[in-house]
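Note sheet for the following structure.
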Amino acid sequence: MPCIIEPQRDGSLLFFCGERLNEVRCCACSEWATASCDWRLDLPKQRTCDALLCAVHALHVGDETDYCPAHAYQLLKRQR
């Protein structure tokens, strides 16, 4: 089974292993995803967006929250 190891900003390592590695690519640019969007969707089950993101396209808010470009834009619009 193939694996890819991605170093993280905090020094930890993120491991991607499996036959379906193409499914862990950033939704914006197809680089390897290292995060997923944490935007809360207005659904009954309180789910999050979960769009896969690379380090360039993730808006990091706090220690463990990331937003995709579309939801980062919505967040900035709300703050105005």
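The values are calculated or read from the model by the stated rules, or taken from the named source; none is laboratory data. Here the structure is a predicted model, which is why all the values come from computation and not from measurement. In this analysis, Cβ positions are derived from the backbone assuming ideal geometry, glycine residues included, and neighbour counts consider all displayed protein chains. Note: accessible area is taken over every heavy atom of the protein model, side chains too, but ligands, DNA and RNA are not part of it. Shrake-Rupley method; radii C 1.70, N 1.55, O 1.52, S 1.80 Å.
A few comments on the model shown:
- Residue count for the stretch 27-48, restricted to those that are more than 17 Å from ILE5 (Cβ to Cβ) and under 9 Å from the mean Cα position of the chain (by Cα): 4.
- Close contacts from the stretch 53-70, counting a first residue that is in contact (Cβ under 8 Å) with a residue 24 or more places away in the chain and a second that is β-branched (Val, Ile, Thr) and part of a strand (DSSP E or B), with Cβ to Cβ under 8 Å and a gap of 6+ residues or different chains, come to TYR67/VAL61.
- Screening LEU43, LEU75, LEU14 for residues that are assigned to a helix (DSSP H, G or I) and aliphatic (A, V, I, L, M) leaves exactly one candidate, LEU75.
- Top-ranked residue of the stretch 17-26 - restricted to ones that are in a helix (DSSP H, G or I) and surrounded by fewer than 14 Cβ atoms within 10 Å (Cβ to Cβ), ranked as nearest to the chain's Cα centre (by Cα): GLU23
- Restricting the stretch 1-11 to residues that are in contact (Cβ under 8 Å) with a residue 24 or more places away in the chain and either among the β-branched types (Val, Ile, Thr) or in a loop (DSSP other than H, G, I, E, B) (or both), the residue that is nearest to ASP63 (Cα to Cα) is ARG9.
- Selection of the stretch 1-16 for residues being open to solvent by less than 40 Å² (accessible area, probe 1.4 Å) and within 22 Å of THR65 (Cβ to Cβ) yields only PHE16.
- For first residues located in the stretch 27-47 and under 17 Å from ARG9 (Cβ atoms) and open to solvent by 50 Å² or more (accessible area, probe 1.4 Å), partners that are of a type in the set (Phe, Trp, Tyr) and modelled with pLDDT under 90 and lie 6+ apart or on another chain with Cβ distances below 8 Å form the pairs TRP32/PHE16.
- In the stretch 48-72, the residues that are open to solvent by 50 Å² or more (accessible area, probe 1.4 Å) and not in a strand (DSSP E or B): ASP50, ALA55, VAL56, HIS57, GLY62, ASP63, GLU64, PRO69, ALA70
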